[in-house]
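> Sharing a structure with you now.
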Amino acid sequence: MEFATPLIPARLIRRYKRFLADVRLADGTEAIAHCPNPGSMMGLADVGTKIWLEPNEDPKKKLKYGWRLVDHENGHFTGIDTSVPNRALKAALIAHDVAGLPAYDLVRPEVKYAQNSRVDFLLSGGGPDTYVEVKSVTLSRQKGIAEFPDSVTVRGTKHLDALAQVVADGGRAVMLYLVQRTDCAALTLAADIDVAYAQAFERAAKVGVQVLAFDCAINPIGVTIRQTIPFQGAAGRHI
């Protein structure tokens, strides 16, 4: 998935109100950018951090810049836009290029299921209908290890319980984590951050919700899903 507009470098002044960031462009100009991430962004929003912004000329948008990447200035990047995993995964699913998921004929996003919920993708044809929830992973507190979540996620807990119910009813469900960091080779749960999410994870384990974790190639050109990575603490390929 390539960014629609070439990204430009900047420095972070501050992130505030979750979805806003004051930034300093390369020419010294200060601007406000949209921050498309509702999480804590732990370790990614320090003052002076090098970031990459996507400019836009859309008159309907109040802000002319969208924050897309953190540049760790050591050859590694983190993608902070939580909408990217769904966009990148949709393209990969249509291209039949997702390990662990068969070549489904129909990829439907945002399909209603469970109680007042919409699943990220419902895959049909070529195998049993499969319900897929997708989460963006950006936290890393141990070298080489990504963690989810980075803050309490009531919504994420609800999604796990909904997937567990799908499997309990005889269907197939997948919890897919896309690690938007190029410096991590494995994934684990941040149970100390959200105990309820970890408990929901265990409930899902008992009925066989499948877990898939992928890493990404990330640079200012775009984000590409690469390959599966281990989920530490998981038994085989299941939660």
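The values are calculated or read from the model by the stated rules, or taken from the named source; none is laboratory data. Please read these numbers as outputs of a predicted model, since none were measured by experiment. For neighbour counting, all protein chains shown are included, and Cβ atoms are generated from backbone atoms with ideal geometry for every residue, glycine included. Side chains included, ligands, DNA and RNA excluded: accessible areas come from the protein's heavy atoms. Shrake-Rupley method; radii C 1.70, N 1.55, O 1.52, S 1.80 Å.
> Quick one: what pairs do we get from the stretch 63-87, first residue free of Cβ contacts under 8 Å to residues at least 24 places away in the same chain, second among the basic types (Lys, Arg) and surrounded by fewer than 19 Cβ atoms within 10 Å (Cβ to Cβ), C-beta under 6 Å, 6+ apart or different chains?
Pairs that qualify, where the first residue is free of Cβ contacts under 8 Å to residues at least 24 places away in the same chain and the partner is among the basic types (Lys, Arg) and surrounded by fewer than 19 Cβ atoms within 10 Å (Cβ to Cβ), are 73/50.
> For the stretch 188-213, give me each residue that is open to solvent by less than 20 Å² (accessible area, probe 1.4 Å), in contact with a Pro (Cβ under 7 Å, 6 or more places away or on another chain) and either among the aliphatic types (A, V, I, L, M) or part of a strand (DSSP E or B) (or both).
Within the stretch 188-213, 190 is the sole residue that qualifies.
> Just one of 109, 128 is touching a Lys or Arg at 6+ places or on another chain (Cβ under 8 Å) and within 29 Å of residue 19 (Cα to Cα); which is it?
Answer to the selection: 109.
> Filter the stretch 94-141 down to the residues that are under 25 Å from residue 78 (Cα atoms), at pLDDT 95 or above and open to solvent by 80 Å² or more (accessible area, probe 1.4 Å) and list them by number.
141
Residue by residue, here is whether (1) in contact with a Cys (Cβ under 9 Å, 6 or more places away or on another chain); (2) within 23 Å of residue 137 (Cβ to Cβ) holds:
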{"residue": "21", "(1), (2)": "yes, yes"}
{"residue": "24", "(1), (2)": "no, no"}
{"residue": "33", "(1), (2)": "no, yes"}
{"residue": "38", "(1), (2)": "no, yes"}
{"residue": "53", "(1), (2)": "no, yes"}
{"residue": "58", "(1), (2)": "no, no"}
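> With the structure loaded, tell me whether residue 157 is polar (S, T, N, Q) and part of a helix (DSSP H, G or I) or whether it fails that test.
yes
> I've got another one for you. Checking the conditions here, which among 154, 166 is of a type in the set (A, V, I, L, M, F, W, C) and over 21 Å from residue 42 (Cβ atoms)?
Answer to the check: 166.
> Out of all the residues in the stretch 106-154, which are assigned to a loop (DSSP other than H, G, I, E, B), of a type outside the set (S, T, N, Q) and touching a residue at least 60 places away in the same chain (Cβ under 8 Å)?
149, 150
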